[in-house]
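A short write-up of the structure that comes next.
Computed from the coordinates by the stated procedures, all read-outs in this text should not be read as laboratory data. Values in this document were obtained by computation on a predicted structure and should not be read as measured data. Cβ sites come from the backbone with ideal geometry, for glycine too, and all protein chains shown count toward neighbours.
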Amino acid sequence: MFDPSSDSKRKNPHLKPVPDSTEPKKQSNFGLYLLLFILIVGGISGAYLTNSWRDKSPIVVHPDGSATLHPEREAELQKAIDEINKAEQYALRATADGYFPCYSCPDGKTTIFLYIGNVWRYGSTKLGEKGRYPDGNYGADDLIYVVEFTGNIAECEAMEKTKIFNYPLLPEARNRSFILPRPPGNKIDR
């Protein structure tokens, strides 16, 4: 069918084309480019500040050709080894008679009565008390952190497991009307 308006648009160069509403409008990508720029600059700055992009070799080459670890790298190694070798196996013990949360109690019980000195939880850490519990929150009130064994982390974890598994044999565990499989503050055997 002949449409005179469309024919005149093709032939008359002075008429402006009417925008087709089905074509999507082009949007400015300025916001996206600005966000990418900020992320890239922030990432580079963060990497530089955290020392990951500095031109620092992990070794020092001496005039005679021998090489040693850079002193900062040596210090990092020594700190990692010290953490492995200076671990602790600890117990969290009650400092007052009372009810404490119980994660291993039968029949949906949520608390258990402990006497002063009873074990609530066994654990092990490479970080010490302040590293393991920085805010002093042991998981319940009226508990004290008692170091029971020191050694490397493997020895401390072995001691922790031994104590968790042997907990039902302790007199404090056997004096109840039910036997717990692990201390009340240990959710699992591991």
Amide H contacts under 5 Å for His70, placed H, 5+ residues apart
Ile59, Val60
Size of charge dipole - segment 87-174 - debye, nearest 20, with Cβ of Lys, Arg +1 and Asp, Glu -1, no other charges
160 debye
Would you please give the residues with an amide H less than 5 Å from that of Ile112, counting only those at least 5 places away or on a separate chain, with H modeled from the backbone geometry?
Phe100, Cys102
Figure the gain on full extension for Leu39 and Glu83 (residue separation times 0.36 nm, minus the Cα-Cα span) and round it to one decimal in nm.
12.3 nm
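If packing is taken as the average number of other Cβ atoms within 10 Å across a peptide's residues, how do 139-149, 179-189 rank, most packed first? Before the final figure, lay out the partial values.
On the way: 139-149: 15.8, 179-189: 17.6.
By packing density, highest mean first, the sequence is 179-189, 139-149.
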From the cross-link list Lys56/Lys86; Lys86/Lys163; Lys56/Lys130, the entries with a Cα-Cα span beyond 26 Å are Lys56/Lys86; Lys56/Lys130
Phi to ³J(HN,Hα) by Karplus 6.51 cos²θ - 1.76 cosθ + 1.60 over segment 105-110, Hz, x for Gly, Pro:
6, x, 6, x, 5, 10
Amide H to amide H, which residues 5 or more places from Gly117 or on other chains are under 5 Å from it, using H placed in the peptide plane?
Ala94, Thr95, Ala96
